[in-house]
Amino acid sequence: MRIIIILFVTLISFFSCNQKGGGFLTMEDVEIVESGITPNEPKKARSLTGCRDPLNYLPDPNYPNMMSLREVKLNFHVMRNGKGTGNFTNEAAVAYVKQWVRVANRKIKNNKKMNLPLGHANPTLFPTYQYLIAPHESKPGAMGIYYHNDEELYYMVNSGKNRNDYDKKVFEKYGAQKGKELNVFIMPHHPDSIKSKRYRNIACGIAFPRDNWTKIAGVYHMSKDTSIRNGKQFIKGAWFCHGVFNHELGHVLGLRHSWAGNDGCEDTPHHPNCYSSGEPGASAKCKTEWSNNVMDYNTHQNAWTPCQIGSIQRNFANKDASQRKVLKRNWCTLKPDLPVIVNQDMVWKGARDLESHLIIQSGNSLTIKCRVSLPRNAFILVEPGARLILDGCTIENDCGEKWEGIKVLGANNNKGRVVFMNDPKLLNMSRDI
């Protein structure tokens, strides 16, 4: 399929350039429109503009190349007491972390339909991000898993007079690749806390979005807890703790609890925050109004709503956001066999980082309203009879290199059109206009 696409694009470019004329954009080719209204754009569409609207960052299943898969770089810290015990051994930690990330990624890929609001018709979309275990900063070829023996900082207490879940000392002392990778600290509950019958020895965590890190406690003890289900013993391993993992990382990526207050998303309704429909003493509401959202406290935590997905993707696309700093920069390398092809009229109201050439096919129009980054040597191709409208946007290379420029094909009345509105900016081009 990729070979077919390459041949198709090559033939189109060759035939157009050699038989119908055209070349790289010059100012003589540009139509400047002074009005703030995009030509032929419906009034309803104009009312929905805004580079900050999360709904403008939703992946389109019909055009997967138009949104890059985001890979979030993670490193892990196994905190142990001064004797080097009380948490995973090195070998066990590697096995647990690998399975934890694998299961969490699978849950993201297999995003489930939201249970609430009852009877809704909101789409179920792939969130378009995955986790990636980063390399070790000082051991070539090793995974980014670090081990620390520290009697003072190894544990987390999430209630009581010695509560330290919001304390940042452990990150300040042991954080790796700060600002470049998302740090996950795997911490045990304090042994004195566990002895108390009133202390909740559960998997739990605290997130610090501004600094891109989180503490997650209790998973070690759960991995040693043998329970009974349907008459059979099972261990609450990494698969069992995917929920707390995706939940806390969801906070770091910009999401908030959704059962009460305003989390910025209309598709995450208020609800009684039931852990499950069958929990002991469950109210009548919990029989039906239980949530499976990743940002609620529930037994499933396997659903991301469109607005939540858009909020995460908006943060990934925001050059000033902390979340963008921990991404693998996949948008810097040109993938020539995966061009982004516009084969219908489109308006891009959210920022994008493309990984290949952008082609607007004949008879179609693309309006760009926000920032678009193109990789090194990529170009925008406007075919005969196609139209590219740059409406106050910025087209650039976000990797410190240069993209090639805009090719306009055709001649006379059948030439591709490029329209400038609201002072668009074309930066980092090899062929300036």
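Roll a 1.4 Å probe over the protein heavy atoms and report the accessible area of Ser356 in Å², nearest 10.
Approximately 0 Å² of Ser356 is accessible to the 1.4 Å probe.
I'd like the carbon and sulfur percentage of the solvent accessible area for the chain, probe radius 1.4 Å, heavy atoms only, ligands and nucleic acids excluded.
Details: 10500 of 20970 Å².
Looking at the chain in its full context, I get 50 percent from C and S.
Compute the helix-to-body angle for 2-19: its Cα long axis versus the longest principal axis of the chain, expressed 0 to 90° and rounded to tens.
Computed tilt is about 20 degrees.
In degrees from 0 to 90, rounded to the nearest 10, what is the angle of the helix 90-109 Cα long axis to the longest principal axis of the chain?
Compared with the principal axis, the helix lies near 50 degrees.
I'd like the accessible area for Cys307: 1.4 Å probe, protein heavy atoms, all chains in place, Å² to the nearest 10.
Cys307 exposes around 10 Å² with every protein chain in place.
Assuming 1.002 mPa s and 20 °C, estimate D for the chain with Stokes-Einstein, Rh taken as the Kirkwood radius over Cα pairs, in µm²/s.
Working: Rh = 24.2 Å.
After rounding, the answer is 89 µm²/s.
Could you work out how far helix 242-252 tilts from the main Cα principal axis of the chain, as a 0 to 90 degree angle to the nearest 10?
60
In square angstrom, what is the accessible area per residue of the chain with a 1.4 angstrom probe?
Here the residues of the chain average 48 Å² of exposed surface.
At 1.4 Å probe size, what's the solvent-accessible area of Glu151? Round to the nearest 10 Å².
In the full protein context, Glu151 sits at about 110 Å².
The values are calculated or read from the model by the stated rules, or taken from the named source; none is laboratory data. All values reported here derive from a predicted model rather than from experimental measurement. Accessible surface is based on the protein model in full, side chains and every heavy atom, while ligands, DNA and RNA are left aside. Shrake-Rupley method; radii C 1.70, N 1.55, O 1.52, S 1.80 Å.
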